[in-house]
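Asks: Can you read through this structure? Questions will come right after.
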Amino acid sequence: MDNKRKKRKKIIEVSLKLFVERGFHGTPTSMIAKESGVATGTLFNYFKTKDILINEVYKDIELEQQNYFFKNLDEEKNSKKKLKKIWENSIIWRINNPYKRRFGRYFSDSSFISDDTKIEIYKHYKPLSDIFTKIIEKKGIKNSNELMLILNFIGACIFTGEYFYIMKEPYNEKISNESFEKFCKGIGLKDED
């Protein structure tokens, strides 16, 4: 990794930590620069404004998360198994990345994250969208809103992961699977789908 990418990565990591601990307004760019080991002017060479910086932190986290969610997806043969793989990957990623999870929880619905950033990130959920499109077509589900199914799935993943966080328990496949099966039952998804 070249020096420029190392500095950018360091700024993103420090910003993530400070935004989670101190909030957006409680984190001056001078503090980010100092803790990143760069001059304030150098920080602005990488990110023109603090608003751009927080959006870049958000994008980096979301893209890392999505890459993890969809990892090894091609190994699975049907829609239910693909969803199960995404489900498990999602929960495990959240358990293993508490600061990133907290950042997402604090800022994903905030006015600090631009609509353009949210639209850009949503495009990367295409593998999930494709799975739900296939389920809707195969099951002949009428008047179904694909986005609503996706959001319900993501919400169920998030809250299952929150269970392990709140209870301070390590990942438990049995508990995770119970929640996953309830989601599948709710949309009529069977093992062969």
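We did not get these values from a lab; they are worked out from the coordinates using the rules stated. In this text, all values refer to a predicted model and were calculated from it rather than measured experimentally. With ideal geometry, Cβ positions are generated from the backbone for all residues, glycine too; neighbour counts draw on all protein chains shown.
Asks: Work out the FRET efficiency for E21 and T42 from their Cβ-Cβ distance, taking R0 = 25 Å, and round it to the nearest 0.05.
Replies: 0.65
Asks: How long are the semi-axes of the ellipsoid equivalent to segment 50-193, from square roots of 5 times the Cα gyration tensor eigenvalues, in whole Å, largest first?
Replies: They are 26, 19, 13 Å, listed largest first.
Asks: Using a Gaussian network model of the chain whose springs link C-alpha atoms within less than 10 Å, name the residue from L147, L53, L83 with the highest mean-square fluctuation.
Replies: L147
Asks: In which sequence would I187, I52, I113 go, from the one with the fewest C-beta neighbours within 10 Å to the one with the most?
Replies: By the 10 Å Cβ count, ascending, the order reads I52, I187, I113.
Asks: When the Cα centres of segment 53-123 and segment 146-193 are compared, how far apart do they sit, in Å?
Replies: So the two Cα centres are separated by 15 Å.
Asks: Also, quick follow-up: Tilt of helix 50-69 relative to the longest C-alpha principal axis of the chain, in degrees (0 to 90, nearest 10)?
Replies: 30
Asks: Among the lysines, which fall within straight-line cross-link reach of K80, defined as a Cα-Cα distance under 17 Å, with same-chain neighbours fewer than 8 residues apart omitted?
Replies: The reachable lysines, counting only those whose Cα sits under 17 Å from K80, are K71, K126, K134, K138, K139, K174, K182, K185, K190.
Asks: With a 10 Å radius around each residue's Cβ, average the other Cβ atoms per peptide and rank 23-34, 88-99, highest first.
Replies: 88-99, 23-34
Asks: Here's a follow-up. Give me the Kirkwood hydrodynamic radius of segment 6-133, using the inverse of the mean 1/r over all pairs of distinct Cα atoms, in Å to one decimal.
Replies: The answer is 15.8 Å.
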